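First comes the structure, then the notes that go with it.
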Amino acid sequence: MAHIIVVGNEKGGAGKSTVSMHIATALARMGHKVGCIDLDLRQKTMGRYIHNRHTYMAKEGLQLPTPGYSELPEVEQAAVPDGENIYDHRLSMAVAGLEPDSDFILIDCPGSHTRLSQVAHSLADTLVTPLNDSFVDFDLLAHVDTDGEQITGPSVYSEMVWNARQLRAKAGLSPIDWIVVRNRTGAQQMVNKEKMQRVIQKLADRIGFRTAPGFNERVIFRELFPRGLTLLDLRDIGVKGLNISNVAARNELRALVGALNLPGVTVDF
């Protein structure tokens, strides 16, 4: 069976689609068969990213390693079995359609709480949660005291992951490997970063997730999207000398993919 990677966070602006595309493309470059599903049915940022990639390749006459992509199939309500939610049925059909030809299926969730996102989390073998390095975003995981040092209780997203874990346990499935990725970090606000590090580690010990490094805030990511490119494509499109920022970003991607500890994956880029 394909290993399912879910990239989820109920808050927008954390870089989920950038993380999703870079993980999926990195796996494809390493020879793995990857299928992707975008559950943000309105914005479809991940779907647009892959569409832009195909358009750019056709225009430039290039062949770049590219993950597959599947839309949720349209289903008539009459075709849905009694007692089953139509969105559950559509997601199950999309996963079943990708699974025979995929080593990994990556599901990019919307930045809001939806039925589809909730179900996707229960399917996750690996859950990746990008988190901006701020207490505004951390509040999605847990509430803290006024000093930002002590955790006063879990928040809505953590409770959803807990429920997904319970569903998997009842179904006899393996536990979710949950990784919180500190994303879009910067060089400033060192006191805030140190506080974030301490409180994230406290929460990791308390509710059971791992942490991994993400991407620093870089202009390059905004420049890559219109062409559907990732950091690993730069040399293939004729960029001969990577600047220091691009090399550092590539190293961040290598560290992130390595930290996921995905089955059968040896990072070799």
*asked:* I need a count of the residues in the stretch 1-13 that are in contact with a Lys or Arg (Cβ under 7 Å, 6 or more places away or on another chain) and either aliphatic (A, V, I, L, M) or without any contact (Cβ under 8 Å) to a residue 12 or more places away in the chain (or both).
replied: 1
_Residue pairs meeting the criteria (Cβ under 7 Å; at least 6 apart or on separate chains; first without any contact (Cβ under 8 Å) to a residue 12 or more places away in the chain, in the stretch 39-66; second assigned to a helix (DSSP H, G or I))_ = GLN63/MET57
*Got a sec? Which of ALA2, ALA78, ALA14, ALA24 is among the small types (Gly, Ala, Ser), modelled with pLDDT under 95 and crowded, with 18+ Cβ neighbours inside 10 Å?*
ALA14
*Residue in the stretch 77-89 that is nearest to ILE4 (Cα to Cα), counting only those that are part of a helix (DSSP H, G or I) and free of Cβ contacts under 8 Å to residues at least 24 places away in the same chain*: HIS89
_Single residue of LEU167, LEU224 found to be within 30 Å of PRO65 (Cα to Cα), modelled with pLDDT of 90 or more and not hydroxyl-bearing (Ser, Thr, Tyr)_ = LEU224
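When you scan the stretch 134-159, how many residues do you find that are over 21 Å from HIS113 (Cα atoms) and under 20 Å from the mean Cα position of the chain (by Cα)? Show your work before the answer.
Step one: of the stretch 134-159, the residues over 21 Å from HIS113 (Cα atoms) are 144-152.
With under 20 Å from the mean Cα position of the chain (by Cα) added as a condition, the list becomes none.
Residues that pass the stated criteria total 0.
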_Among the residues of the stretch 181-199, are any surrounded by fewer than 16 Cβ atoms within 10 Å (Cβ to Cβ), at pLDDT 90 or above and part of a helix (DSSP H, G or I)?_
no
_Inter-residue pairs, beta-carbon under 7 Å, first in a loop (DSSP other than H, G, I, E, B) and in the stretch 166-179, second surrounded by 10 or more Cβ atoms within 10 Å (Cβ to Cβ) and of a type in the set (Lys, Arg), 6+ apart_ = PRO175/ARG165; PRO175/ARG168; ILE176/ARG165; ILE176/ARG168
_Looking at the stretch 28-51, can you tell me whether even one residue there is crowded, with 16+ Cβ neighbours inside 10 Å, among the polar types (S, T, N, Q) and in a helix (DSSP H, G or I)?_
yes
*So which of LEU140, LEU116 is of a type outside the set (Phe, Trp, Tyr), in a helix (DSSP H, G or I) and in contact with a helix residue (DSSP H, G or I) (Cβ under 9 Å, 6 or more places away or on another chain)?*
LEU116
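Which one of these is of a type in the set (Asp, Glu) and either surrounded by fewer than 17 Cβ atoms within 10 Å (Cβ to Cβ) or over 27 Å from ARG29 (Cα atoms) (or both): ASP103, ASP108, ASP145, ASP125?
The match here is ASP145.
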*Looking at the stretch 213-269, which of the residues that are among the small types (Gly, Ala, Ser) and surrounded by 12 or more Cβ atoms within 10 Å (Cβ to Cβ) is farthest from GLU60 (Cα to Cα)?*
ALA259
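The values are calculated or read from the model by the stated rules, or taken from the named source; none is laboratory data. What you are looking at is a predicted structure, and each value in this text was computed from that prediction instead of being measured. Please note: Cβ atoms are built from the backbone with ideal geometry, for glycine as well, and neighbour counts cover all protein chains shown.
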